[in-house]
Amino acid sequence: MRVLIAEDEIMMAEAIAEGLRLQALAVDTVHDGGAALQRLSVNEYDVLVLDRDLPGVHGDDVCRAVAGGDVRILMLTAAGELADRVGGLGLGADDYLAKPFAFAELVARVRALGRRARPAAPPVLERSGLRLDTAHHEVFRDGRVVGLSRKEFAVLEELLRADGAVVSAEQLLERAWDEHTDPFTNVVRVTMMTLRRKLGPPTVVETVTGVGYQIR
């Protein structure tokens, strides 16, 4: 899942971003409305965490501009009265969370919106002896627990979601990393090497030369 955080309080934006990255999500941050619109025009995001009171282009205007598209909008604001919530939802936001908030609730809401943004997938993905539990962040191979890093988990989830189809390195970069990742980096190849090593033999993640990777 890829998330854009538009929040003018830099420390809060980075704290939210780091917390979501610990949940194996790819996260970008911006601090004004104009930058949010620019990022949304060039990148595909599942969820936009949008501070309502942004400088430059106001958060309400950002919401109006992108509502109804593919990205799901979670509006954050210090104004939490009923009228404020109704107003935010009326602008096209999918969900509304008042500050201060419990981080666990924000994560749950982001994940719920992400499920609505993408084709539904079961909470447990299974294929070729692999079992990935997204809710408990656990992976098993033939009943054996496999400890994976956040990126390895995210890559494996994308491969299992593909249901046997080939996933390109570019698609993995798009879904499991943020925009600061160099598109010419070998990070996907390195992550795939460590993922295969941890999953153990025989190799279950196949390389399709010149195309990408798949789990048959």
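The values are calculated or read from the model by the stated rules, or taken from the named source; none is laboratory data. The shown structure was predicted, so the numbers you read here are calculated from the model rather than taken from an experiment. Here the Cβ positions follow ideal geometry from the backbone for every residue, glycine too, while neighbour counts run over all protein chains shown. The area values use the complete protein model at the heavy-atom level, side chains included, leaving out ligands, DNA and RNA. Shrake-Rupley method; radii C 1.70, N 1.55, O 1.52, S 1.80 Å.
Could you grab me the full set of residues in segment 10-40 that are open to solvent by 50 Å² or more (accessible area, probe 1.4 Å) and in contact with a helix residue (DSSP H, G or I) (Cβ under 9 Å, 6 or more places away or on another chain)?
A15, R21, L22, Q23, H31, L37
With modelled with pLDDT under 90 and either of a type in the set (F, W, Y) or touching a His at 6+ places or on another chain (Cβ under 8 Å) (or both) as the only criterion, which of F101, F140, F153 stands out?
That would be F101, the only listed residue that is modelled with pLDDT under 90 and either of a type in the set (F, W, Y) or touching a His at 6+ places or on another chain (Cβ under 8 Å) (or both).
Please find, within segment 162-177, the residue that is surrounded by the fewest Cβ atoms within 10 Å (Cβ to Cβ) out of those that are at pLDDT 85 or above and not in a loop (DSSP other than H, G, I, E, B).
Among those that are at pLDDT 85 or above and not in a loop (DSSP other than H, G, I, E, B), it is A169.
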